[in-house]
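A short write-up of the structure that comes next.
The values are calculated or read from the model by the stated rules, or taken from the named source; none is laboratory data. All figures in this text were calculated on a predicted structure; none of them were measured in a lab. Cβ: placed from backbone, ideal geometry, glycine included. Neighbour counts: every protein chain shown. When the accessible area is computed, the model is the full protein with side chains, heavy atoms only, and any ligands, DNA or RNA have been set aside. Shrake-Rupley method; radii C 1.70, N 1.55, O 1.52, S 1.80 Å.
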Amino acid sequence: MNEDIITLAIETSCDETSCAVLRNGREVLSNIISSQIEIHQKFGGVVPEVASRKHIENINIIIQQALEKAGVTFKDVDLVGVTQGPGLVGALLVGISSAKAIAYALNRPLVGVNHIEGHVCANYIEFKDLEPPFTCLIVSGGHTYLVQVEGYTKYELVGRTRDDAAGEAFDKVARALGLPYPGGPIIDKLAKEGNNLAIDFPRVFLEPNSYDFSFSGLKTAVLNYLNQAKQKGEKIIVEDVAASFQQAVIEVLVEKSIKLAKERKSHKIVMAGGVAANEGLRNLMKNRGKEEGIEIYYPSRVLCTDNAAMIGSAAYFNYINGNISNFHLNVEPNLELKG
Ligand code: KG4
Ligand code: ZN
């Protein structure tokens, strides 16, 4: 392919309204992200109805800003990518409707993107030479997957959470500690000031050969610890709880990722999703990677959490591999990562 492909991408799966313009799937010309976090913080979590309404208010402005920042107009757009799922149905619908309208009006191809695949593709933006195959740990607010990435659009799902997602565990523990939503970044910060050996929370590895995860027992252990400490009138050192909890999560994430990489003789582990922004996780993975001779990749913070640039990258790789949607494209709130 000689010609550059300019992709306009839209992401509205949760509480970020985002639009990006990319050249050829790896070069970001603009990536505008409008976060609704402050609005949802009042409620301690994302309120779906409020999210949809805010996406509608913002979407056209964000698209316009993305085009302007990229220095392009609608006429320059070759491809329209949009998050199809998983996510909140009403929120996704805003993005899909906008993307369809643009693709139809411009007579350009439309590609519905799996949000989780988007998280993986954030790494192609960050690392211009990164190519599959690699082992990938995807850790977000809604999902925890251990995947062997065979090709740009080819995934083997090896493990997943059986209950809470890693990010969800961070958010729930933060809430129990009286901290605002989203809890992950705050726990990350507090953990740096705490002792991660202070409290011995369980590391749940499940069956010896399983690559699945389970975080709800750990969350319950933290809640029990907090309740018992309160009943006994003991002082709760929030930094120590944060550090000990975080350590219990990241040890399991790291050891299972390393085990899979070794089993598959993979020399690369790639991290993706909001929790990949966690400094404790990044450091532990890097240290273990060094010991095992495995190279560790993770995107910069802004590309870890939800953004449209990663959706644009996934749309591009799907497009060049022939995965193109039609105008019957519909939201899929429970979309899985397919092989
Ligand atoms: O990928 P993401 O932006 O949205 C979903 O697709 O879910 O992930 C959001 C999740 C939230 O649970 C948030 O608490 C968590 O990522 N998160 C973090 C950090 N930054 C965001 N968790 C731990 N440490 C962080 N630094
Ligand atoms: Zn996400």
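Residues that are at pLDDT 95 or above and more than 16 Å from ligand 1 (Cβ to nearest atom) were ranked within the range 1-18; the one that is farthest from the chain's Cα centre (by Cα) is Asp4.
Every residue, every condition in (1) surrounded by 20 or more Cβ atoms within 10 Å (Cβ to Cβ); (2) in contact with a His (Cβ under 7 Å, 6 or more places away or on another chain); (3) in contact (Cβ under 8 Å) with a residue 24 or more places away in the chain; (4) in the same structural domain as Lys265 (by TED's automatic domain parsing), yes or no:
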site	(1), (2), (3), (4)
Thr161	yes, no, yes, yes
Phe170	yes, no, yes, yes
Gly178	no, no, no, yes
Pro182	yes, no, yes, yes
Lys192	no, no, yes, yes
Pro208	no, no, no, yes
Leu223	no, no, yes, yes
Ala229	no, no, no, yes
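If only residues of the range 294-309 that are of a type outside the set (A, V, I, L, M, F, W, C), under 17 Å from Lys128 (Cα atoms) and touching a strand residue (DSSP E or B) at 6+ places or on another chain (Cβ under 9 Å) are counted, the one that is surrounded by the fewest Cβ atoms within 10 Å (Cβ to Cβ) is Glu295. Selection of first residues in the range 266-293 that are within 16 Å of ligand 2 (Cβ to nearest atom) and of second residues that are acidic (Asp, Glu), restricted to Cβ pairs under 7 Å at least 6 apart or on distinct chains, gives the following pairs, ordered by first then second residue: Asn278/Asp188. Of the residues making up the range 7-21, just one is open to solvent by 10 Å² or more (accessible area, probe 1.4 Å) and either touching a Ser or Thr at 6+ places or on another chain (Cβ under 6 Å) or among the β-branched types (Val, Ile, Thr) (or both), namely Glu16.
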